1. Collect the residues in segment 18-55 that are exposed (fewer than 12 other Cβ atoms within 10 Å of the Cβ), within 27 Å of MET225 (Cβ to Cβ) and of a type in the set (Ser, Thr, Tyr), keeping them in residue-number order.
2. Working only within segment 129-152, note down all residues that are surrounded by 11 or more Cβ atoms within 10 Å (Cβ to Cβ) and in contact with an Asp or Glu (Cβ under 8 Å, 6 or more places away or on another chain).
3. Pull up segment 162-183, narrow it to residues that are out of contact with any Ser or Thr (no Cβ under 6 Å at 6 or more places or on another chain) and modelled with pLDDT of 85 or more, then point me to the one that is nearest to ARG55 (Cα to Cα).
4. So how many residues does segment 189-217 have that are modelled with pLDDT under 85 and farther than 14 Å from ASP140 by Cα?
5. Under 7 Å by Cβ, and 6 or more places apart or on different chains, what pairs join a residue from segment 90-114 that is on the phi < 0 side of the Ramachandran plot and modelled with pLDDT under 90 with one that is among the basic types (Lys, Arg) and not in a loop (DSSP other than H, G, I, E, B)?
6. With respect to ALA249, determine if the residue is closer than 30 Å to GLU9 by Cβ, free of Cβ contacts under 8 Å to residues at least 12 places away in the same chain and hydrophobic (A, V, I, L, M, F, W, C).
7. Would you say HIS186 is modelled with pLDDT under 90, more than 21 Å from ASN88 (Cβ to Cβ), in contact with a strand residue (DSSP E or B) (Cβ under 9 Å, 6 or more places away or on another chain) and not aliphatic (A, V, I, L, M)?
8. Can you name every residue in segment 84-122 that is in a helix (DSSP H, G or I) and more than 14 Å from VAL166 (Cβ to Cβ)?
Amino acid sequence: MAGDKALRERSHLLDELRQIVQSMKNLAFAELQRVSRIREAQSEAASTLNQALMRLGSMPSPASSAAPDQDRMWLVIGAERGFCGAFNARLADTLDELKLAESKQPVLVASTRMKESSPSPAFAFLKGCASSDEVDMTVDDWLAAIEQNRGSATHLQVIRHDEHQVIQTMLPLHAPPCADRVSIAHQLPLPGLRSAIHRQHLRFMIQDAITASLLQENHWRLNQMQRAQDHLDELSAQLRRQYAANRQASITNELETLMSGPFSV
């Protein structure tokens, strides 16, 4: 009976854990839906910005991806929340492979969890973005940190998770030169207008990188929660089988006791 009681208590605990995991799955799924809607709106904003830059003749050149290392600074976008597997560990491995800890260029790591696991003095750590509700505020903080730490860097190398791998994206930190004469109706001097639009373009691209990272982070979290739920289901099934076997053994013992007693024939 004591064994049966322990099994029932453990089964009750597993049920509670399964409810917690299901709640976490629901939260991750809801966040995934919100981020997906944000990215749909971002695609329209990207089209508008690109049209403006094209009209100014100031579209960032693809050749900027070949910027020398000494002209770069780095921004690594990690996960601020847990339960997403090796999300941050893979980013840390990428930092090791690139030997950024030995680089003399600024490296900003946006994740307090990564600071706890690998507090390298060579990196400047920022608070990461925990949810879609924090995106705008996070972009403001990161842009301020970029301006404060950029030094002589002319390009920003963003490292983040994509669907299947860690990717790197190069962003210019200043407006590339263009012709002085552009046929466009505006109220600002052309250099100021071009600079303002490029600041918005940089802001948008960082915001896009944040939401893309959040999208993958919550995919990873959902997968982790599903694996946890499957494991809990298997443990519960094992407990039910063990409980049934114990009950069957108890019944068998009772029958054998009765049949071997003084009233047996």
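The values are calculated or read from the model by the stated rules, or taken from the named source; none is laboratory data. Here the structure is a predicted model, which means the values were calculated and not measured. No Cβ is skipped: glycine too gets one built from the backbone with ideal geometry, and neighbour counts run over all protein chains shown.
1. Answer for segment 18-55, where residues must be exposed (fewer than 12 other Cβ atoms within 10 Å of the Cβ), within 27 Å of MET225 (Cβ to Cβ) and of a type in the set (Ser, Thr, Tyr): just SER23.
2. Those that are surrounded by 11 or more Cβ atoms within 10 Å (Cβ to Cβ) and in contact with an Asp or Glu (Cβ under 8 Å, 6 or more places away or on another chain): CYS129, ALA130, SER131, SER132.
3. That would be LEU171.
4. 10
5. Every condition considered, the pairs that remain are GLN105/ARG72.
6. Values: closer than 30 Å to GLU9 by Cβ: yes; free of Cβ contacts under 8 Å to residues at least 12 places away in the same chain: yes; hydrophobic (A, V, I, L, M, F, W, C): yes.
Criteria met by ALA249.
7. Here the answer is no, as HIS186 does not meet what is asked.
8. Let us first name the residues in segment 84-122 that are in a helix (DSSP H, G or I), namely 87-98, 100-102, 112-117.
Residues satisfying the conditions are ALA101, GLU102, THR112, ARG113, LYS115, GLU116, SER117.
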